[in-house]
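J.: Before we start, here is the structure in question, set down as structure tokens.
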Amino acid sequence: MMRNLFFFLLLTGVMVSCRRLPNVQGKGEAFLQGVWNQDSIANSARLLNYTQHKFKFTCDSFYVDMVTHSKVNYYSDSCFNGGVWKEYAKGVYAVRADSLFLDGTFTKANYKQKVSGCYQTGRFSKSFLIKSAKPESIQLESISDQRDLDLNLKERIICEQKEL
């Protein structure tokens, strides 16, 4: 009898202590909210390939447009497009200490999921070291290839959390 009462009280305590989290997106980081362009790439004329980025951070989500310039053909001729092509991705981001983590998927230009076609498909996962963050500029360093991304603020965005 005492054992049943103990389990009943334990179960009741667990049920009362659990609360449902709100079903809305996270706020993200205030300093990132906005549209950021990588206006130029250092030493781009000497590189075999490079990618320019345009980021949009809104609440805990990101959207990125990438324009790749390549002197080397990594794809079939129909995809190479003279060495210049665009790719897109969207997902969620997190900032931990001095690092920015992007986790999402490659998309079409309208940010709908891309399942086939030229260039990359599937998961988009990138990590950056935040070297500096000022109100109008952010300097990131790619963890994968140690290239710098100097981003300039083009438009500030205020996070308006939406239901999921």
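Every number here is computed from the coordinates shown, using simple stated rules; none is lab data. Keep in mind it's a predicted model, so treat the numbers as computed, not measured. Here the Cβ is made from the backbone with ideal geometry for all residues, glycine too, and neighbour counts use every protein chain on show.
J.: Can you pull out the GluC sites (Glu not before Pro) in the range 129-164 that DSSP calls coil and that have at most 10 other Cβ atoms within 10 Å?
T.: E160
J.: With an 8 Å Cα cut-off and a minimum separation of 6 or more residues, compute the relative contact order for the chain in percent.
T.: Relative contact order of the chain: 22 percent.
J.: Give me the Å³ per residue figure for the convex hull around the C-alpha atoms of the chain.
T.: Once divided by residue count, the hull of the chain is 175 Å³.
J.: Per DSSP helix of 4 or more residues, -39500 (n - 2.57); summed, then divided by the residues of the chain. What does that give at 222 nm, rounded to the nearest 500?
T.: -3500 deg cm²/dmol
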